[in-house]
Amino acid sequence: AYQLYDLKVFEVAIGGGAPTLHPKLEDFLSQLQWRQIVANMTTKNLKWLATEAKRLVDAKLLRAIAYSVETAADVEAVAAVVKEAKLGEAVTIQHVVGLDETPEQFRALLVAAAESKLRLTLLGFKTTGRGSAFGARSAAGWLGVLADVCAKQYLRVGIDTVLAVRYWDAL
């Protein structure tokens, strides 16, 4: 937090691994807040989202939380927790396109996201870092499925730079 402040960083994204399990997470978030650095986080810890997230968002220790989803059932589970915990706009969902899913499974995930009214960020499969162990993944057809779902339902969706660069011509 000291170094980030010295570098004039104004916003951070905390993710990778399981940040919600770190015993000093709240202390770190407090240090960021004290230095007026906005903290956002990515997790796949549904229990934490249900029990701890609201307190940290209300205390303005976290501005936004992205929850990683792989299936339509994941989307539905997150939506239920967001509603029950009254997390509202603080939570978005994110999905890596092409994670061994069929077009039908991808469509079901998109429909669940639209019906849940959660914002969705689609991520490209990264081939560096931890992603290098898996190799490149094909996501052929994802854009057509997305266009079809968006033609029929309202879906708040964005994409990351990796996906945008990889599919630039099609976009």
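The values are calculated or read from the model by the stated rules, or taken from the named source; none is laboratory data. This one's a predicted model, so the numbers in the text were calculated from it and none came from an experiment. Neighbour counts run over all protein chains shown; Cβ positions are idealised from the backbone, glycine included. Accessible surface is based on the protein model in full, side chains and every heavy atom, while ligands, DNA and RNA are left aside. Shrake-Rupley method; radii C 1.70, N 1.55, O 1.52, S 1.80 Å.
State whether the residues of region 17-34 include one that is outside any helix (DSSP H, G or I) and under 24 Å from Lys117 (Cα atoms). Among the residues of region 17-34, not one is outside any helix (DSSP H, G or I) and under 24 Å from Lys117 (Cα atoms), which makes the answer no. Among the residues of region 141-165, the ones that are surrounded by 12 or more Cβ atoms within 10 Å (Cβ to Cβ) and not in a helix (DSSP H, G or I) come to 8 in all. Residues that are within 22 Å of His95 (Cα to Cα), of a type outside the set (Ser, Thr, Tyr) and in contact with a helix residue (DSSP H, G or I) (Cβ under 6 Å, 6 or more places away or on another chain) within region 20-40 comprise just one, Ala39. Screening Arg55 with (1) in contact (Cβ under 8 Å) with a residue 24 or more places away in the chain; (2) surrounded by fewer than 16 Cβ atoms within 10 Å (Cβ to Cβ) gives one miss only, at (1).
Among the candidates Ala108, Ala77, Ala90, Ala72, the residue that is open to solvent by less than 50 Å² (accessible area, probe 1.4 Å), more than 13 Å from the chain's Cα centre (by Cα), modelled with pLDDT of 95 or more and closer than 30 Å to Val38 by Cβ is uniquely Ala77. Consider region 1-47 and keep the residues that are of a type in the set (D, E, K, R) and either within 19 Å of the chain's Cα centre (by Cα) or more than 26 Å from Ala79 (Cβ to Cβ) (or both). The one that is surrounded by the fewest Cβ atoms within 10 Å (Cβ to Cβ) is Lys8.
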